[in-house]
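Novice: Handing you a structure now.
Here, each number is a calculation from the coordinates, and none is a lab measurement. Quick caveat, the model's predicted, so the values are computed rather than measured. A quick note on method: Cβ atoms are made from the backbone with ideal geometry, for glycine too, and the neighbour counts reach across all protein chains shown.
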Amino acid sequence: MVATQSSPASADTGFIFSMPPAENRFTEDVFFRRLLAWYLPSDMCAKIEPEFTAFAEETASEQVKEWLLSAEREPPYVKSHNKRVRAWGAANGAVAIGYETEYGSYRRIVQHAKNYFFTPVSAVTSCPLSMSDGAAHLLLEVLPGLPLSHPFHEVFRRLTSRTDCWTSGQWMTERSGGSDVQNTETWAVYSPLPNKTGECGKLDEGDYLVSGFKFFSSATDANVAILLAKTAGGKLSAFLAPLTRTVLDENGREKTVTNGIRIHRLKNKLGTKQLPTAELELKDVRAHLVGPLDRGVGTISHILNVTRAWAFIGSLAGMRRCMNIAKSFAKARTVFGYPLWILPLHLRTLAGLEVRIRGLLHLGFYTLALTSFAESTFPKAVLESSSYAPLPSSAEDTVVILRTLTAVTKAVVSKTAVTAIQECMEALGGVGYMDELDEPENIARALRDISVNAIWEGTTNVLSSEVIRHLLNKHHLDIFNNWLRSAIARVKIDDLRSVLQDAWAVQYRLLSKQREYLFDALANGRAIMFTIAWTVSGTLLAIDAGRDGNPVAGEVARRWIINQEGFPREYLLADMDATLPSRRPQEGKERAEWDCMIVWDAKLPEFVPFGQRTGVQQPSKI
Ligand SMILES: Cc1cc2nc3c(=O)[nH]c(=O)nc-3n(C[C@H](O)[C@H](O)[C@H](O)COP(=O)(O)OP(=O)(O)OC[C@H]3O[C@@H](n4cnc5c(N)ncnc54)[C@H](O)[C@@H]3O)c2cc1C
C-alpha cells in the first residue's frame, strides 16, 4: 500500500514491492513445450512431462535456493556446497541422459531440454558437468579400441553416473594462448612405470609424465582432466590425468597425494564466481595418452562439440529465466498509474525479446536434434515424416551441417544473450541492477555469469573463422547450400519463403565468390555467421509456423524474417540491405495486439494506456 501524508513511509512500512511467486518454468512455457512436441515423439513428450514438471518445480525449491545462496556466500574453494548442486544435477541426469538408452536416438534433445531448467540454478556447476560430458564423449570414441582392463572404462562409467559421479577438467589454455593452442608450453615425456599394474596400468599409472603451466582451469576440484601437451616431436597430443595418485607412506600404508598439480592461484573474475578457476603448475603429472599420438587438436575437438552445446543451452536458458523475471516484475509493477505489463512500449520491448528467444531456441534445438541423431541413428519416424524439421539427406551431409551449426549456434546465441539479458535487467529498472546475494531471481548475476559463454569454448571471432574455413573447405558449401535450399523450399508461407530464398542466394553467391578471397571471407566472418544464423532460424520458425498454422508462431516468423526483429540487425551482412524487404511500418493497435499475444499468450485488453498520466480507465489484469 502507498503511504499517505498522514502516514509517511518508513524502512518497513508504506509501499513495498514484492514479486509474484515464480510460476513453473516448464508448464508455463508454451513455446518450449511446442518446440519439444516438434522434436520428440508424442509418447516421449507425455513420458517426460511429469518428470520435467516436478524438476522445474524443484529448481525453485527452498533447498535449491539455499544451495545457491551458500554457493554465493562462501568463496569458491575446492570443497563445499557446490558439490551438492553438482550431485543434484548429476542425479537428475545432466550428463547421464546423453549416454543412457532410455530416450534412444533422442537422448541429447531430452538431456538438454532438462538442462534448460538445470543450468540457471546450477551455481555454474554446469561448467564442470559440461566438461565431464565432453570427456565422456571423447572416451566413448576411444573405448572400443581399448582392452577391458583399461582404466578409461571405469572413468567413463563414473563420468556418466547419476550416483557416484566424477567430473573432468579440460586444460588447454595457456599464457601463450587459448584460441591457438599451437604455442603450448606443456610437455609430455614417455616414461612408463617399470612395474605398472597389468597391461594398461591403473588410472594413476599412465605412461607419460606431463609438466607445464595451465592458465585457466575451471574444474580445479575435478577427479580427472583432459589436457593438451607436446611430445618429443613437438606436436600436440591429448592426455587424461587423475588429479590425485596413491603412494605408500613410510609405514607402507596407501595415501592419496596430488598428481604433481599445484594451484598457483585462484583467479578473480567478473562472474562465475562460484567456480574455482585456477592457474595450475604441472610437474611430472602421470597421464595416459588419449587418442592417437600427435593428433591432440583433432582428439580434443570431440570435447568441444559437446561443451559448445552446453554453452548455448546455458545462454538460452539464461535468457528465458531473465525474461521470466522481467515478466513477473511487469505484472507486479505499476507506473504512471498503470500496470507495467500493458504499457505499449514495455510490451513491445518484451515482444522483441520473446521473438529473439524463440528464433534462437529453434536454432539451438535443431542443432541438438542433429547432434543426437548423428551420435546414434536417425529414427525412422523422423525420416518418414514430412512435418519434422528439415534433415540432411546423408550421413556425410549431417557431419558438415552439424559442424557448421554447432559453431554458429554457440557463437550467435552466446553473444546475443548478453544484450537480451541486459534488456531484461533494464526492464526491472534499478532493481534489475541489484546484486543481492540472497536474491535467487538475480539478473545482474546472470549477466555476469552468462557473458563468459561468448569467450570460453571459442570466442565469437574464432568461431566465425572456423565456420568460414569449414564452409569454404572441399565441397562443404555445396552441401550446406543443398540442405538449406531444400529446407527453405519447405516453408509454406509464400512471402516468407521468398525472402529467405533471396537472402540465402545473396549469402551463397558471396561465399562462393570468396572461395578465392579467403582473406575477405574471414574478415567478413562475423557478419556472414550471424546472417547464416538469422536465415536458418527464420527457416525453422517459418516451417514450424506452417505445420499447424499457429497464428502466434506465424507472427513471430514474420517479424523475424520480414522485419528482422528480435535479432540484432546490425550483425547482419551489409549486402543484405538491398535484398531484404523494407521493414513493415508499425501498425498501431493491431501490432500491439500481437505484442500481447507473443508475450502473454493473451488478448490485449480493450483499454491500452499510453504510459503517461492521461488515461482514466484501468486495464484488466493478465
Ligand atoms: C572464466 C573462464 C574459465 C575458463 N576455463 C577454462 C578451462 O577450464 N580450460 C581451458 O582450457 N580454458 C579455460 N578458459 C579459457 C578460454 O577458453 C579462453 O580464454 C578462450 O579460448 C580464448 O583464449 P585466450 O584467452 O587465450 O584469448 P586469445 O586466444 O588470445 O584471443 C584474444 C582475441 O583474439 C581474437 N582471436 C584469436 N584468434 C583469432 C582469429 N583467428 N581471428 C580473429 N580473431 C581471433 C579472439 O577472438 C579474442 O578476441 C576459461 C576462460 C574464462 C574466462
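Novice: Would you mind checking the tilt of helix 551-562 against the longest principal axis of the Cα atoms of the chain, expressed as 0 to 90 degrees and rounded to 10?
Specialist: Computed tilt is about 80 degrees.
Novice: Work through the residues other than Thr371 whose Cβ is under 13 Å from its Cβ and net out their charges, Lys, Arg +1 and Asp, Glu -1.
Specialist: Spelling it out: positives minus negatives among the neighbours equals +3.
Novice: May I ask for the angle, rounded to the nearest 10°, between helix 494-513 and the longest principal axis of the chain, with both axes built from Cα atoms and the value confined to 0 to 90°?
Specialist: Compared with the principal axis, the helix lies near 40 degrees.
Novice: How long is the stretch 327-467 along each principal axis, judged by its Cα atoms, biggest number first, in Å?
Specialist: That works out to 59, 34, 27 Å along the principal axes.
Novice: Order 453-459, 546-552 from most to least packed using the mean count of other Cβ atoms within 10 Å.
Specialist: Averaged packing, sorted descending, gives the order 453-459, 546-552.
Novice: Could you give me the ³J(HN,Hα) list for the stretch 198-212, computed from phi with Karplus coefficients 6.51, -1.76, 1.60 and θ = phi - 60°, whole Hz, x at Gly and Pro?
Specialist: Couplings: x, 5, 9, x, 6, 4, 8, 10, x, 7, 10, 10, 10, 9, x Hz.
Novice: Here is a follow-up. Evaluate 2.2 N^0.38 Å with N set to the residue count of the stretch 63-186, then give the Cα radius of gyration divided by it.
Specialist: Values: Rg = 16.2 Å, N = 124, 2.2 N^0.38 = 13.7 Å.
That ratio works out to 1.18.
Novice: Given the C-alpha atoms of the chain, compute the convex hull and give its volume per residue in Å³.
Specialist: 168 Å³
Novice: Using 1/(1 + (r/R0)^6) with R0 = 56 angstrom and r between the beta carbons of His475 and Ser10, what's the FRET efficiency to the nearest 0.05?
Specialist: So, using R0 = 56 Å, E works out to roughly 0.15.
Novice: Moving on to the next point. Once phi is turned into ³J(HN,Hα) by the Karplus curve 6.51 cos²θ - 1.76 cosθ + 1.60 with θ = phi - 60°, what whole-Hz value does each residue of the stretch 416-423 show in order, with x for glycine and proline?
Specialist: Working through the residues one at a time gives 6, 5, 5, 6, 5, 5, 4, 5 Hz.
Novice: Filter the cross-link list Lys83/Lys267; Lys331/Lys415; Lys230/Lys283 down to pairs whose alpha-carbon distance in this structure exceeds 18 Å. Walk me through the numbers on the way to the answer.
Specialist: Working: Lys83/Lys267 20 Å; Lys331/Lys415 28 Å; Lys230/Lys283 14 Å.
Over 18 Å apart, Cα to Cα: Lys83/Lys267; Lys331/Lys415.
Novice: Could you list which residues have their amide H under 5 Å from that of Asp207, counting only those 5 or more apart in sequence or on another chain, with H placed in the peptide plane?
Specialist: Here Ala287, Leu289 satisfy the definition.
Novice: On a 0 to 90 degree scale, rounded to 10, what angle separates helix 126-142 from the longest Cα axis of the chain?
Specialist: 50 degrees
Novice: Let me know the Rg and Dmax you get for the stretch 289-333 when you use only its Cα atoms, in Å.
Specialist: Just the Cα atoms of the stretch 289-333 yield Rg and Dmax of 19.1, 61 Å.
Novice: Students often forget the sequence filter, so: which aspartates and glutamates lie under 16 Å Cα-Cα from Lys65 once same-chain residues fewer than 8 apart are removed?
Specialist: Straight-distance partners of Lys65: Glu23, Glu57, Glu74, Asp435, Glu436, Asp438, Glu439, Glu441.
Novice: If amide H atoms are built 1.01 Å from N in the plane of the peptide, which residues on other chains or at least 5 residues away come under 5 Å of the amide H of Thr272?
Specialist: Residues meeting the amide H criterion: Asp449.
Novice: Enter the Cα centre distance for the pair the stretch 497-561 and the stretch 237-280, rounded to the nearest angstrom.
Specialist: 46 Å
Novice: A further question on this structure: Highest mean first, what order results for 316-322, 183-189 on Cβ atoms within 10 Å?
Specialist: Per-residue Cβ counts within 10 Å, averaged per peptide and sorted highest first, yield 316-322, 183-189.
Novice: Separate question: Please list, in chain and number order, the residues 5+ apart from Val335 or on another chain whose amide H is under 5 Å from its amide H, with Hs placed from the backbone.
Specialist: When sequence neighbours closer than 5 places are left aside, the close amide H contacts are Leu340.
Novice: Let me ask something else about it. Sort 334-340, 251-257, 136-142 for me by packing, meaning the mean count of neighbouring Cβ atoms within 10 Å per residue, highest on top.
Specialist: On the way: 334-340: 16.3, 251-257: 9.0, 136-142: 21.0.
Descending mean neighbour count gives 136-142, 334-340, 251-257.
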